[in-house]
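This report refers to the structure that appears directly beneath it.
Read-outs: derived from the displayed coordinates by stated rules, not from any lab. Bear in mind the structure is a predicted one, so any value in this text is a computation, not a measurement. Cβ: placed from backbone, ideal geometry, glycine included. Neighbour counts: every protein chain shown.
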Amino acid sequence: MIERRVHPRHKTFMKGRIYFNNRLSSMDCVVRDSGEQGARLEFSENVALPDIFELHLPHKDEYFRARVIWRRGNDIGIAWTPEITLNPRSETTDYHLADRVTRLEREIALLQKRLDAIER
């Protein structure tokens, strides 16, 4: 097989967790090859993922933004997007913070309705 990458990848075997759909959906994967520009992810079965998602590596406690480059069977090749590392605990962008506040406000309203129903 001819290596077409400018930056080589190194063999790895790390557990990963993919988050998408505004972090409402997630799935496990195995990071099989990793390098400066991207990685190859392996899944236990064929998966339907969006083209852009967030990858969490629990072993390193790191978050990466990734975009799908190719799909082949149970494997997906990804490239890191310009926002290479993310830390959701620090809420790196106003968008993430605003999205989180909106979800929490909805959850509070739902809990308040449940409390009102119990008190009646």
Quick one: what are the phi-derived ³J(HN,Hα) couplings along segment 25-35, Karplus 6.51/-1.76/1.60 with θ = phi - 60°, whole Hz, x for glycine and proline? 10, 8, 7, 8, 8, 10, 7, 8, 9, 9, x
Inter-site label distance for residue 47 and residue 103 at 7 Å from Cα along Cβ, in nm: 1.7 nm
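How much length is gained on full extension from residue 14 to residue 114, taking 0.36 nm per residue of separation minus their Cα-Cα distance? Present the calculation step by step, with values, prior to reporting the outcome.
Working: separation 100, 0.36 × 100 = 36.00 nm, distance 4.20 nm.
Going from the current span to full extension adds 31.8 nm.
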Calc'd 3J(HN,Hα), segment 41-58, phi into Karplus 6.51 cos²θ - 1.76 cosθ + 1.60 (θ = phi - 60°), Hz, glycine/Pro = x, comes to 9, 10, 10, 6, 8, 4, 10, 10, 10, x, 5, 10, 7, 10, 10, 10, 10, x
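Beta carbons within 10 angstrom, averaged per residue: use that to sort the peptides 25-33, 10-18, highest first.
Going from most to least packed, we get 25-33, 10-18.
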